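Comments concern the structure below.
The values are calculated or read from the model by the stated rules, or taken from the named source; none is laboratory data. All of these numbers come straight from a predicted model, not from anything done at the bench. Cβ placement follows ideal geometry from the backbone for every residue including glycine, while neighbour counts extend to all protein chains displayed. Areas reflect the complete protein model, heavy atoms only, side chains present, ligands, DNA and RNA absent. Shrake-Rupley method; radii C 1.70, N 1.55, O 1.52, S 1.80 Å.
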Amino acid sequence: MQFYSTNNINSRVSFKDAVFNSMPQDKGLYMPVNIPALDADFIQHLDKYTLPEIAFKIAQNLLGDDIPADDLKAIIDDAINFDAPIAKLDEDVYVLELFHGPSLAFKDFGARFMSRVMSYFLQAGEKQLDVLVATSGDTGGAVALGFLGVPNTRVTILYPKGKVSDIQELQLTTNGQNIRALEIDGTFDDCQALVKQAFTDKELNEQFRLTSANSINIARLIPQTFYYFNAYAQLLRQGKSKVVFSVPSGNFGNIGAGLLAWKMGLPVEQFIAATNANDTVPVFLKTGVYQPKPSVATLSNAMDVGNPSNWVRIADMFKDDMDSFRKLVTGYRYTDEETLEAIKKVHAGFDYVVCPHTAIAWQALTDWQQQHPDTDAAGVFLSTAHPCKFPDVFPDDIAAKVEVPAQVQELQAKDKLSVELDSDFEGFKAYLLKQG
């Protein structure tokens, strides 16, 4: 399969080049030249397949012979070695739990697949791969664990100072080895801008072999389609064949992957883009005007993105019919007060604890279902992170119900390793060059 830049539809690169270059020099994002539809019989019988089998079929369909079948299967079996179950909370209300991977967040799907693909393509004696990643919370932890100890790679994580939870920060800053953490005095948007500028800086690209581990990298986006198909497979086993997905949305890679799955033939009735106060896309869906704005800090910090990078991919997928996109996707936004209220409602109604991002997705699904009482589709809201990552958000009675996994308890005994930097590019560039 070949890929093109969203800023130059005539450009062509291989999957390997798209993965390693991550962002074209023209500042677009890579997309597959064709989005091949999966066989209808396969989709109708998804319930017969396991998650790794579904993942292999999707990846092979998109990548063709870029990676031989046996090698691709081995990559998937190693990367996707954890579950992504749906749990029924109410009639036609299901939660898709995406926090069962090693970093306890949905980002494990993309980070683990991407790190193994990069390791597969790296040849002995090649120049060291420098992976840059901006994080608003969960991406950095997943990337760190995905690349920790991978030979001939070095990861530099940029995160906004004081704007990630304590446990998220531990996941970013306690790894050592080939993982470096930079604490940026700014917002996630500042971190993301630094990474993007580095990719187009001539001197840095001459000195280093740079790539990104953010969702701008196509190898992050592809594996996130896996859990949408797998969720549908689980619904089929329960006699449900229609689905609405409610997706907590920040940088719009998660829902972007869902839309890619839809383009490949997954029969989704409706997508719900659920955001916090950073509501650039919900505003567009209501007004038709896309206007990025500075991000603001909220309880759902991983969604604090005012200028979503993956919007260009979504716009590219629907460039010939944006009206269809606005019918397929509905946007909702919620305040911190509404987020806390949703957490309390889910706990009181279902004896279930959700992180603030997941609470927003649940509330959006609830509101959508109330506005569409005649729908016969099952509603699935995505749970993107384990609630233990956000202990300060919950009231005491709910916090007491949160089980802290062993790997988090181990983190709390480790030392923090990070470097503080301002948000100016020259300072970031100087750090990279000095470290060599």
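In the list 207, 177, 238, which residue meets the criterion of being in contact with a helix residue (DSSP H, G or I) (Cβ under 8 Å, 6 or more places away or on another chain), open to solvent by 20 Å² or more (accessible area, probe 1.4 Å) and either among the polar types (S, T, N, Q) or modelled with pLDDT under 95 (or both)? After applying the criteria, what remains is 207. Within the range 221-233, the residues that satisfy the criterion of being of a type outside the set (A, V, I, L, M, F, W, C) and either surrounded by fewer than 20 Cβ atoms within 10 Å (Cβ to Cβ) or in contact with a Phe, Trp or Tyr (Cβ under 8 Å, 6 or more places away or on another chain) (or both) are 223, 224, 227, 228.
Picking from residues in the range 120-134 that are modelled with pLDDT under 90 and open to solvent by less than 70 Å² (accessible area, probe 1.4 Å), the one that is nearest to the chain's Cα centre (by Cα) is 122. Out of (1) surrounded by fewer than 18 Cβ atoms within 10 Å (Cβ to Cβ); (2) at pLDDT 95 or above; (3) not hydrophobic (A, V, I, L, M, F, W, C), what's the single condition that is false for residue 414? The number of the failed condition is (2). Here 402, 408 are screened, and the one residue that is of a type in the set (Val, Ile, Thr), under 24 Å from residue 303 (Cα atoms) and assigned to a loop (DSSP other than H, G, I, E, B) is 402.
Residue-wise test of (1) more than 17 Å from the chain's Cα centre (by Cα); (2) modelled with pLDDT of 95 or more.
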position: 251; (1), (2): no, no
position: 266; (1), (2): yes, yes
position: 273; (1), (2): no, yes
position: 278; (1), (2): no, yes
position: 295; (1), (2): yes, no
position: 306; (1), (2): no, no
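Taken together, the residues in the range 299-335 that are without any contact (Cβ under 8 Å) to a residue 40 or more places away in the chain, outside any loop (DSSP other than H, G, I, E, B) and among the charged types (D, E, K, R) amount to 2.
The residue that is modelled with the lowest pLDDT, among those in the range 180-198 that are polar (S, T, N, Q) and out of contact with any Lys or Arg (no Cβ under 8 Å at 6 or more places or on another chain), is 192. For the range 137-152, the set of residues classified as on the phi < 0 side of the Ramachandran plot and either surrounded by fewer than 21 Cβ atoms within 10 Å (Cβ to Cβ) or in a loop (DSSP other than H, G, I, E, B) (or both) consists of 148, 150, 151, listed by residue number.
Summed over the range 417-436, residues that are in a helix (DSSP H, G or I) and modelled with pLDDT under 95 total 2.
Within the set 319, 344, 434, the sole residue that is within 22 Å of residue 181 (Cβ to Cβ) and among the basic types (Lys, Arg) turns out to be 434.
Looking across the range 270-286 at every residue that is part of a strand (DSSP E or B) and in contact with a Ser or Thr (Cβ under 7 Å, 6 or more places away or on another chain), the one that is farthest from residue 254 (Cα to Cα) is identified as 270. The residues on offer are 42, 82, 99, 56, and the sole one that is within 24 Å of residue 382 (Cβ to Cβ) and either more than 22 Å from the chain's Cα centre (by Cα) or loosely packed, with under 13 Cβ neighbours inside 10 Å (or both) is 42. Within the range 1-12, if we keep just the residues that are without any contact (Cβ under 8 Å) to a residue 40 or more places away in the chain and closer than 20 Å to residue 58 by Cα, the residue that is least open to solvent (accessible area, probe 1.4 Å) turns out to be 4. Each residue in the range 261-283 was checked for being touching a strand residue (DSSP E or B) at 6+ places or on another chain (Cβ under 9 Å) and under 30 Å from residue 44 (Cβ atoms), and 11 pass. Selection within the range 349-388: residues that are among the hydroxyl-bearing types (Ser, Thr, Tyr) and surrounded by fewer than 24 Cβ atoms within 10 Å (Cβ to Cβ). The member of this set that is modelled with the lowest pLDDT is 375. Residues that are among the β-branched types (Val, Ile, Thr), out of contact with any Cys (no Cβ under 8 Å at 6 or more places or on another chain) and in contact (Cβ under 8 Å) with a residue 60 or more places away in the chain: does the range 278-298 have at least one? So far as the range 278-298 goes, no, none of its residues is among the β-branched types (Val, Ile, Thr), out of contact with any Cys (no Cβ under 8 Å at 6 or more places or on another chain) and in contact (Cβ under 8 Å) with a residue 60 or more places away in the chain.
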